[in-house]
1. In region 282-295, which residues are buried (at least 16 other Cβ atoms within 10 Å of the Cβ) and modelled with pLDDT under 95?
2. Scan D218, D174, D209 and give me the residue that is in contact with a Phe, Trp or Tyr (Cβ under 9 Å, 6 or more places away or on another chain), at negative phi, modelled with pLDDT of 95 or more and among the acidic types (D, E).
3. Mind checking whether some residue in region 277-294 is touching a Phe, Trp or Tyr at 6+ places or on another chain (Cβ under 8 Å) and farther than 30 Å from I103 by Cβ?
4. Please enumerate the residues belonging to region 296-313 that are surrounded by 18 or more Cβ atoms within 10 Å (Cβ to Cβ) and in contact (Cβ under 8 Å) with a residue 60 or more places away in the chain.
5. Sort out which residues of region 26-54 are assigned to a helix (DSSP H, G or I), surrounded by fewer than 20 Cβ atoms within 10 Å (Cβ to Cβ) and under 13 Å from the mean Cα position of the chain (by Cα), and write them in order of number.
6. Can you pull out the residues in region 81-97 that are of a type in the set (G, A, S) and within 21 Å of the chain's Cα centre (by Cα)?
7. If you scan region 66-91, which residues turn out to be surrounded by fewer than 17 Cβ atoms within 10 Å (Cβ to Cβ), in a helix (DSSP H, G or I) and of a type outside the set (A, V, I, L, M, F, W, C)?
8. Can you tell me which residues in region 276-295 are in contact (Cβ under 8 Å) with a residue 24 or more places away in the chain and in a helix (DSSP H, G or I)?
Amino acid sequence: MLKTLLTGAAALAISTTIAGAQTIGFSQIGSESGWRAAETTLTKQQAEERGIDLKFSDAQQKQENQIAAVRSFVAQGVDAILLAPVVATGWDAVLEEAKEAEIPVVLLDRQVDSSDDLYLTAVGSDLVHEGSVAGQWLVDTVAGEECRVVELQGTTGSSPAIDRKTGFEQAIADHGNIEIVRSQTGDFTRSRGKEVMESFLQAENGGADICALYAHNDDMAVGAIQAIKEAGLKPGEDILVVSIDAVPDIFLAMAAGEANATVELTPNMAGPAFDALKAYMTDGTMPEKFIQTESKLYTQADDPQGEYDRRKGLGY
């Protein structure tokens, strides 16, 4: 009987620890954009509100740093791991290590090209859909007129860069009046967005031959807007600007008439992730393999100043 009681007590202690999920590791890509900073802030806030000890690691946009962080979390015996993967490939080995240690991994806002039995679930937007919404906005806006588009891609090899490009191209595929004439990575940063846009402007008759800019995130768009202004053109008028994320600064640009549309990517990925982990750790409830967050198109007609005011305190 004593052995049975001890076994039951041990099982209860383990169950209590797991259900509480008191220690969770978070490997963040870095802080390449305002959206990424907001995701980090909200994840920390969500953890604090739930009594979770969040062990945070900033990878500074390097996959090797993320792999090292995940291995460190495994060695520390955390209850779970949140991973926002910088690129889609190269995760099999470290995810196998987490699985062998029986530590569930939840992907945040990006996907990996690994077997889905190596992670518990992925929380994110439908990235292809985001690109498609941006592309459809342009199709509707130019209404059949010829439109030469330059594209600022995200980090090469990342799932947002791949999928947002795919979605946009799908949306314009049946519209021969719209053509992507130049496409280059801006690494999701404002500085690179500005730099690459400067090269686009030089290559396209000072910008006179560019109808629209499609940027895979708002930060690159904000950088590009500066380049357009420095070239003596009016962003939002001479060159249409559509991008993705819905960060506060793009709403300021929209309020000033310098950007036209953005597709929202909510930075609160942690809330659904923590909910899924709690259910799984409490009673073994398996979440869907993909938990989709809401996306929404915002234009200049959607009170951009008000949207800025509502978002500016979120950590962007």
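1. Applying the first criterion (buried (at least 16 other Cβ atoms within 10 Å of the Cβ)) to region 282-295 yields 287, 291, 293, 295.
Matches in region 282-295: T293, S295.
2. Being in contact with a Phe, Trp or Tyr (Cβ under 9 Å, 6 or more places away or on another chain), at negative phi, modelled with pLDDT of 95 or more and among the acidic types (D, E) holds for just one of D218, D174, D209, which is D218.
3. Quick first cut of region 277-294, residues touching a Phe, Trp or Tyr at 6+ places or on another chain (Cβ under 8 Å) only: 286-287.
Checking the rest, the ones that are also farther than 30 Å from I103 by Cβ come to none.
Scanning region 277-294 turns up no residue that is touching a Phe, Trp or Tyr at 6+ places or on another chain (Cβ under 8 Å) and farther than 30 Å from I103 by Cβ.
4. Result: E307, Y308, R311.
5. First, the residues of region 26-54 that are assigned to a helix (DSSP H, G or I): 34-49.
Narrowing further to those that are surrounded by fewer than 20 Cβ atoms within 10 Å (Cβ to Cβ): 37, 41-42, 44-46, 48-49.
Selection gives A37 alone.
6. The initial filter retains those residues of region 81-97 that are of a type in the set (G, A, S), namely 84, 88, 90, 93.
Once the filter is applied, which keeps residues that are of a type in the set (G, A, S) and within 21 Å of the chain's Cα centre (by Cα), region 81-97 yields A84, A88, G90.
7. Start the filter on region 66-91 by keeping residues that are surrounded by fewer than 17 Cβ atoms within 10 Å (Cβ to Cβ), which leaves 68, 71-72, 75-77, 89.
If we keep only those that are in a helix (DSSP H, G or I) too, we end up with 68, 71-72, 75-76.
Correct list: R71, S72, Q76.
8. A276, L277, K278, Y280, M281, T282
The values are calculated or read from the model by the stated rules, or taken from the named source; none is laboratory data. Predicted model, so just to flag it, every value in this text is computed and none were measured. Glycine also receives a Cβ, built like all others from the backbone with ideal geometry; neighbour counts cover every protein chain displayed.
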